[in-house]
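Structure record follows, encoded as structure tokens.
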Amino acid sequence: MIYRETGQFKISYAADQAIFPIRQDLIGMLLILAVAFIGIPLLATDYFYLAILIPFLILSLAAIGLNLLTGYCGQLSLGTGAFMSVGAYAAYNLAIRVPDLNLLVIFLMAGGIAALVGVVFGLPSLRIKGFYLAVATLAAQFFIDWVFLRIKWFTNYTPSGSVSAPALDIFGYVFATPRQHYLFVLVIVVIMALVAKNLVRGRIGRAWMAVRDMDIAAEIIGIPLLRTKLLAFAVSSFYAGIAGALWAFVYLGSWEPYAFGIDRSFQILFMIIIGGLGSILGCFLGAFFISIVPILLNQVPAALGVPISTATASHLEYMIFGALIIFFLIVEPHGFARLWQIGKEKLRLWPFPH
Amino acid sequence: MLSVFAQIYEQPGFFVEVVLGGLMAGVLYALVALGFVLIFKASGVFNFAQGAMVLFAALSLVRLMEVMPFWAAFLASCAIMVALAFAIERLVLRPLVNQEGIVLFMATLGIAFFLDGFGQTIWGSEVYTLELGVPKDPVFILESVFEGGVLVNQLDIFAAVVAGALVVVLALFFQKTKIGLALRAVADDHQAAQSIGVPLNYIWLIVWSVAGIVALVAGMVWGAKLGVQFSLALVALKALPVLILGGFTSVPGAIVGGLIIGVGEKIAEVYFGSQIGGGIENWFAYVLALVFLLFRPQGLFGEKIIERV
Amino acid sequence: MADAGGISLPSDADTFPKLLLHNAKVRGDRPAIREKDYGIWQTWTWAQVKDEVLAIAAGLAAQGVTRGDRIAIVGDNRPQLYWSMCAAQCLGAIPVPVYQDSVADEMAYVVDHAEARLAIAEDQEQVDKLLSIRARCPRLATIVYDDPRGLRNYRDDSLVSLAELTRRGRALRDERPGFVEGEIAAGRGSDISTILYTSGTTGQPKGVVLSFDNLIISARNAIAFDNLTEKEEVLAYLPMAWVGDHLFSYAESYVAGFCVSCPESSATVLNDLREIGPTFFFAPPRIFENILTTVMIRMDDAGAFKRWMFRYFMDVAKRAGTKILDRQPVPLGERIIYALGELLVYGPLKNTLGFSRIRLGYTAGEAIGPDIFDFYRSLGMNLKQLYGMTETSVNICMQRDGQIKADTVGVPAPEVEIRIAENGEVLVRSPGVFQGYYKNEAATRETRTPDGWVHTGDAGFFDADGQLKIIDRARDVGRLNDGTLFAPKYIENKLKFFSYIKEAVAFGDGRDYVAAFINIDLAAVGSWAERKGLPYASYQELAAKPEVYALIQGCVEQVNRDLAADPKLSGSQIRRFLILHKELDADDGELTRTRKVRRRIIADRYGPLIEALYAGVDRAHIETKVIFEDGRTGLIRADLAIREAALAPAPAPLRKAS
Amino acid sequence: MITMYVPTSAPERTIGDVLLKVDDISLSFGGVKALSNVSFDIRQGEIRAIIGPNGAGKSSMLNCINGFYHPQQGTITYKGVVRRQMRPHEAAAQGIARTFQNIALFKGMSTLDNIMTGRLLKMKQNFFLQALHWGPAQKEEIEHREFVERIIDFLEIQSIRKVPVGRLPYGLQKRVELGRALAAEPTLLLLDEPMAGMNVEEKEDMCRFILDVNEEFGTTIALIEHDMGVVMDISDRVVVLDYGRKIADGTPDEVRNDQRVIDAYLGVQH
């Protein structure tokens, strides 16, 4: 209905292959960006930044990482939390051991280290597939959890095992307020989402999807399977690593290994399933949904005048999450992104039904 | 490294103790893994909720035992697990029939989350002691063979016996009964099974019920040992490397895999763990299974896969 | 030369090649022509087109083409074929576009009659046809083809690829710079621009000779009349051999400098239309009719809410849309609801159809149903009618913005004089009047008077507003035995305004009453039958169903009521009709290529049916020969039912209440 | 670079030297012999058919040629070099492309993307440029799109360019799969039952495409086909397998009159 595509014809392949070939989509995206960069900073409260926006953005980034691996390359992983923690501890150690290093460089290197670890744990993907691989990624989760819990060097021998991030100082500018944190994270997430989109719409993305859709055929047309899968593991872990570093440095400030436990891995997996496998947009939709529901669960009963204990609230949260996930899988197994796609198709054809 | 062998050589009795302890744990891993295998074989669903089912069953049992004798509580818990299987089949599996594997897997994750929350909401979330009337005192056995004998927990022996008995019962069930045969037919070929008149929904109900009862037994034994608490759900994750090792579809694989993992993990923990910080049993099983897989991707009992195009 | 729609032309740009040079100079970077090819709209600017055209021209010269030679051009709308047309004109040669769907016989006649020595063909299909008729066209020495697909094994000295021809042309231009430019400069406005063969309803096609002045002045006047500019987007999808396409997609493009887009293939026209979103669009009524039918069928599948919304807002549009378009007063409330409708229905609808950007739409060729015409206008599309013919370079009458009626064709176009002859025939004199029929002096004399008046062959009259109303072919207007006026086309058109009726043929001249053949519209009636739960396997089966007969009878009786309202025509109501067992088809010669009914052929072929209509029987048997797509022939036998339709009473003379 | 055929300069079809030679190949799975001592050759530029009753080992033969199976015995010589054991993607890198008996398209991708995957081997721009989708990476992408568009045009599948292949009817999927193989600009094209399950009209189209590929691009083609009529019409030479053994080899006419071939086919008359 809002789409007016008549007259939007393409006279070059560059235009035909643009990320948003339909002008209305492009305008919509620019509007969203304007709201994110200008509207929200004008209006949002600190609570809004700290409780909703910042975690939402960082988890979206982690979800993009997992979606590249699982949604695009078809390699199911249950170890995202572990790769996030690699990023977080790598950044922490770089920051305290090489104090002069610029924080952006530290984040990039943290991502790089996470990517290397990801490649190591991706090696079994050559020999094993499907659920076997998913279980194998749990090995990464448990092993890495253990490493940061037991090997004290990584936590700089702090007695409690809890570590604190240094201030966010980039080229001498200190990001201190929640709004500044938000904008910092936003810039990184927008750039990395764009990069992810570029990867998946080009040669690399097609190789990943070929492996996902039919690995035998992919190999026969000349795609080296191991290299392609390992690249997916590397890129995915790079994203998770940066998300982990941001989670630790920007959102938590100080943290324990528990912050990146298996629950985190599941949380991010839920995001991409609910959001939509194989869709960058879906990562944001899923992350938004998964991070907003617990907040609503905490707020709504209190607002209705039925206060419940924290323990009950947390059990209820589990139940509702479980039920919601089943509900979504039944209603739309391909997630919000597919719902959006269907809705968009309807709007484009409006008033016709098909 | 050498010191380890020296240690084993010097204290063979202790080594046997460790191995036996490992075997006991392994039997329990095998029990949980069996639940996975049953469901995967019959419906192709990778049931991540098996751990939550163990917790849920143990909680039911322990809380019901507060108001009724053991046998009644056990039967009631069985009934609850069957009812649960019924609900899962009706509310989750049936609407998702013909979906891809990953979707069903996700659904079981949802079930796991739901059950964890639901169980603790209705049954409470404290640590409950499960008293089965089996003495927990350790006893010395084989004193004539090893100097100082071998220390074994009576509860572990009980657990091994129960688990072993259950495995035998299940094996008989699959090999000898009509329903068991039908289940195997389904595992081999869904369409073929349907065409010979086995209703798929019925089959699913049965396997989920059986898996529920297996979970109850596993929960009972584990609960008696560790106390009934949330961490039971995590113990079930231990069954996953067992599956990698034994193969997702092999009942003997689950048993042998469980024993290997149990023993390997105990030995590693006792002899190496202390040198690298301890607590390695959380991941050792996985890494062991992974390394193993690199050499035999189809698992211990899986068949070599010939890919066709 | 005068200004045309804000476009100034140098006075010496009196041929298309000169206009091309002019456009390349003043708007060299603007797009001139596009084609959907390899997935995108490949675009050439005026400067690029000039380069291509001049190269092809030189290539033709290298092939021995000289001033006055005729060159046949055959194929779908392709930039290369438009260029070839202009390239021929550069040399003073005369392009003769040939209908791309003509069968070999028809093509042979035109190529032979025009004495073309070279033909430019789009692809293998056309090359095959040309090769097959070569024996009958002794002058045809060379065949140039554009698309080489499938032609690799052809070893024939007369075949040259357009790519090769262009290459040779470029070589020649390097060798003799300024040669083509010199040839262009030698052209005059009074020279022959093209020969367009009209299919005609009878006999062999006639070649209408048009000069550059004919076409360029007509184009300029039309552009001025509607204020067209270089910014228009036009989709060229109608046959290149048809004068409409020649004027709109070629002449007006060169004069105004706007861009013409060629669709990817005939199968993708609707999709390409949607992508391009033309601002100036021409379609015969049939196409508007088909689109409307599709709209209705697609809306039938929508949910209840959408159907309700669509109906509601279409009612609003019917009340207010046309008035708003014509800037007539409309109450504010109505305007607001219409604006809402634009947001919810009209806008999206025009968008999905590709009509969003239409500033100016024209329909012509035959009468358009008032419902169909109003439907598009009520959506806010400025759809108008025009009246024209090949012999007058199209323009005779055009509708002026704000003065638009469904049943007239408007006022005389600029510089056009119109006279109604005593027998009711419309006579025209204008700068667009043709030079004569090629090699047919007799026919020329018959059609054009010595002082330049053209017999249109149409009967019509001016209404009170000075707008011309056409009722039928002058020749076809006849009388019933009781002397009542019988205008078959008028009746047929009224029938065809129903979406269920695709074709109709009315009989009555020299008879006691009017009777008709009906062709149902397979899509519309098929969809109707599906909703009614009527199974059918074929057109023939569907056409024979009693339920379908009942449906059509309703339509016929409605037409009778309409006819009864007009005192002159009230006597010519349809008394008996039948539904034909096959669709009338141009391949069987029953329709012209522009889908006009060929009365005589139909009368011959279906004689027994006509006799049955007047014999009072209620069944008739017929055997018809048909030509299948692959050229084989076959026989269709059928038993057809004949129905009587109720006649409406003639209006009683008005009486004053006393 | 992108090259297009120029028909006026297209050479007459010529059959050249041996491109691929299969020598004494045996292949077995477990105890089951799929191929026993099979030898034949494929010459540059020819259309070579491999026929035989069901289970004769035809697909196994193709799988050996493109490295998917590794025969226990025998050698394969390709472009004059005895081939060591290689993985399928290495065979692809050397110019061997194929289609599959059961369509093996990437179901989640459009026609265009599926054919673009056929170009992956030719795309070289590095990861970082890909990430920016800019400069040389974008230029490369567009160059290959242009090439793929020519294949789309060649196979007359313009109207389904952006349709996910899962939604296409069977015949069109087969065509897209041929497009994907062609996108690799193969030296040797292996077609595994390209016309299985098609109606007469689709078969005619596919035959035309196969002949066009062979003649316009000079691609050597080895094909497996059930429809004897088609095989005899379009192939230069035919090798006949039965129960994993070669029972005949020669021109269509020679093969058609070979008693062993007649017996083999009569034996399994459907």
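Of note:
- Neighbours by Cβ (under 9 Å, 6+ apart or cross-chain): first from the stretch C:349-370, away from every other protein chain (no Cβ under 12 Å); second among the hydroxyl-bearing types (Ser, Thr, Tyr) and open to solvent by less than 10 Å² (accessible area, probe 1.4 Å): C:Gly361/C:Tyr376; C:Thr363/C:Tyr376
- Evaluated against (1) surrounded by fewer than 24 Cβ atoms within 10 Å (Cβ to Cβ); (2) of a type outside the set (Ser, Thr, Tyr); (3) modelled with pLDDT of 85 or more; (4) within 23 Å of B:Val62 (Cβ to Cβ), B:Ile111 falls short on exactly one condition, (1).
- Condition met for C:Ile396 (crowded, with 22+ Cβ neighbours inside 10 Å, assigned to a strand (DSSP E or B) and at pLDDT 90 or above): yes
- Considering the stretch C:7-126, the qualifying strands (runs of 3 or more DSSP E), each wholly inside and each with 1 or more residues that are open to solvent by 10 Å² or more (accessible area, probe 1.4 Å), run over C:31-37, C:40-45, C:70-74, C:94-98.
- Contact annotation: residue pairs with Cβ atoms under 6 Å, 6 or more positions apart or on different chains, pairing a residue in the stretch C:432-448 that is not assigned by TED's automatic domain parsing to the domain that holds C:Val208 with a partner that is open to solvent by 10 Å² or more (accessible area, probe 1.4 Å) and of a type in the set (Asp, Glu), are C:Phe434/C:Glu391.
To keep it simple, each residue is scored yes or no on (1) within 14 Å of chain D (Cβ to nearest Cβ); (2) farther than 27 Å from C:Pro431 by Cα; (3) hydroxyl-bearing (Ser, Thr, Tyr).
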site: C:Leu118; (1), (2), (3): no, yes, no
site: C:Asp128; (1), (2), (3): no, yes, no
site: C:Leu131; (1), (2), (3): no, yes, no
site: C:Asp146; (1), (2), (3): yes, yes, no
site: C:Asp157; (1), (2), (3): yes, yes, no
site: C:Leu165; (1), (2), (3): yes, yes, no
site: C:Phe179; (1), (2), (3): no, yes, no
site: C:Thr194; (1), (2), (3): no, no, yes
site: C:Val209; (1), (2), (3): no, no, no
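- For C:Thr198, the test of being in the same structural domain as C:Asp51 (by TED's automatic domain parsing) and in contact with a Lys or Arg (Cβ under 7 Å, 6 or more places away or on another chain) is passed.
- Look at the stretch C:165-190: where a residue is assigned to a helix (DSSP H, G or I) and a partner is of a type in the set (S, T, N, Q) and open to solvent by 40 Å² or more (accessible area, probe 1.4 Å), sitting 6+ places away or on another chain with Cβ atoms under 7 Å, you get C:Leu165/C:Gln63.
- Residue check for C:Arg155: farther than 17 Å from C:Leu91 by Cα, in a loop (DSSP other than H, G, I, E, B), open to solvent by 40 Å² or more (accessible area, probe 1.4 Å) and of a type outside the set (A, V, I, L, M): yes
- Options A:Ala323, A:Ala337; residue that is surrounded by 15 or more Cβ atoms within 10 Å (Cβ to Cβ), more than 8 Å from every other protein chain (Cβ to nearest Cβ), of a type in the set (Gly, Ala, Ser) and part of a helix (DSSP H, G or I): A:Ala337
- For D:Ser36: the one exception among (1) in contact with a Ser or Thr (Cβ under 6 Å, 6 or more places away or on another chain); (2) farther than 26 Å from D:Leu211 by Cα; (3) crowded, with 24+ Cβ neighbours inside 10 Å: (3)
- Failed item in (1) farther than 17 Å from D:Lys246 by Cβ; (2) free of Cβ contacts under 8 Å to residues at least 60 places away in the same chain; (3) open to solvent by less than 30 Å² (accessible area, probe 1.4 Å); (4) more than 14 Å from chain A (Cβ to nearest Cβ), with D:Ile76 passing the rest: (1)
- Residues that are closer than 10 Å to D:Arg180 by Cβ and either at pLDDT below 85 or more than 7 Å from chain A (Cβ to nearest Cβ) (or both) within the stretch D:110-139 comprise D:Thr111, D:Asn114, D:Ile115, D:Arg119, listed in sequence order.
- Cβ-Cβ under 8 Å pairs, at least 6 apart or on other chains, the stretch D:81-109 side more than 10 Å from chain A (Cβ to nearest Cβ), far side surrounded by fewer than 17 Cβ atoms within 10 Å (Cβ to Cβ) and in a loop (DSSP other than H, G, I, E, B): D:Gln85/D:His70; D:Gln101/D:Ala196
- Residues that are within 7 Å of chain A (Cβ to nearest Cβ) and either part of a helix (DSSP H, G or I) or of a type in the set (Val, Ile, Thr) (or both), drawn from the stretch B:84-100: B:Val92
- Among (1) within 14 Å of chain C (Cβ to nearest Cβ); (2) open to solvent by 40 Å² or more (accessible area, probe 1.4 Å); (3) closer than 24 Å to D:Arg98 by Cβ; (4) out of contact with any Leu (no Cβ under 9 Å at 6 or more places or on another chain), the one test that D:Phe217 misses: (4)
- Within the stretch C:410-431, the only residue that satisfies the criterion of being surrounded by 21 or more Cβ atoms within 10 Å (Cβ to Cβ), in contact (Cβ under 8 Å) with a residue 40 or more places away in the chain and not in a loop (DSSP other than H, G, I, E, B) is C:Val426.
- The stretch A:299-312: number of residues that are more than 10 Å from every other protein chain (Cβ to nearest Cβ) and in a helix (DSSP H, G or I): 6
- For the stretch A:2-30, the tally of residues that are loosely packed, with under 15 Cβ neighbours inside 10 Å and either of a type in the set (Val, Ile, Thr) or assigned to a loop (DSSP other than H, G, I, E, B) (or both) stands at 7.
- Single unsatisfied condition, B:Val287 versus (1) of a type in the set (Val, Ile, Thr); (2) surrounded by fewer than 24 Cβ atoms within 10 Å (Cβ to Cβ); (3) away from chain A (no Cβ under 13 Å): (3)
- Helices (runs of 4 or more DSSP H) contained entirely in the stretch A:189-266, each with at least 3 residues that are within 12 Å of another protein chain (Cβ to nearest Cβ) and within 18 Å of the chain's Cα centre (by Cα): A:225-246
- Residues that are surrounded by 14 or more Cβ atoms within 10 Å (Cβ to Cβ) and in a loop (DSSP other than H, G, I, E, B), drawn from the stretch C:461-485: C:Gln467, C:Ala474, C:Arg475, C:Asp476, C:Val477, C:Leu480, C:Thr484
Here is a yes/no grid of residues against (1) within 25 Å of A:Cys283 (Cβ to Cβ); (2) hydrophobic (A, V, I, L, M, F, W, C); (3) at the interface with chain B (Cβ under 9 Å from one of its Cβ atoms):
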{"site": "A:Asn67", "(1), (2), (3)": "yes, no, no"}
{"site": "A:Tyr92", "(1), (2), (3)": "no, no, no"}
{"site": "A:Gly111", "(1), (2), (3)": "yes, no, no"}
{"site": "A:Val119", "(1), (2), (3)": "yes, yes, no"}
{"site": "A:Ile128", "(1), (2), (3)": "no, yes, yes"}
{"site": "A:Ala134", "(1), (2), (3)": "yes, yes, yes"}
{"site": "A:Thr158", "(1), (2), (3)": "no, no, no"}
{"site": "A:Gly161", "(1), (2), (3)": "no, no, no"}
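- Yes/no for D:Phe147 being more than 22 Å from the chain's Cα centre (by Cα) and either closer than 16 Å to C:Arg149 by Cα or part of a helix (DSSP H, G or I) (or both): no
- In the set C:Asp371, C:Asp458, C:Asp407, C:Asp401, only one residue is surrounded by 20 or more Cβ atoms within 10 Å (Cβ to Cβ) and not assigned by TED's automatic domain parsing to the domain that holds C:Ile223; that residue is C:Asp458.
The values are calculated or read from the model by the stated rules, or taken from the named source; none is laboratory data. Fair warning: this is a prediction, and the values are worked out from it, not measured in the lab. Positions of Cβ are backbone-derived with ideal geometry, glycine not excepted, and every protein chain shown enters the neighbour counts. With ligands, DNA and RNA removed, areas are computed over all heavy atoms of the protein, side chains included. Shrake-Rupley method; radii C 1.70, N 1.55, O 1.52, S 1.80 Å.
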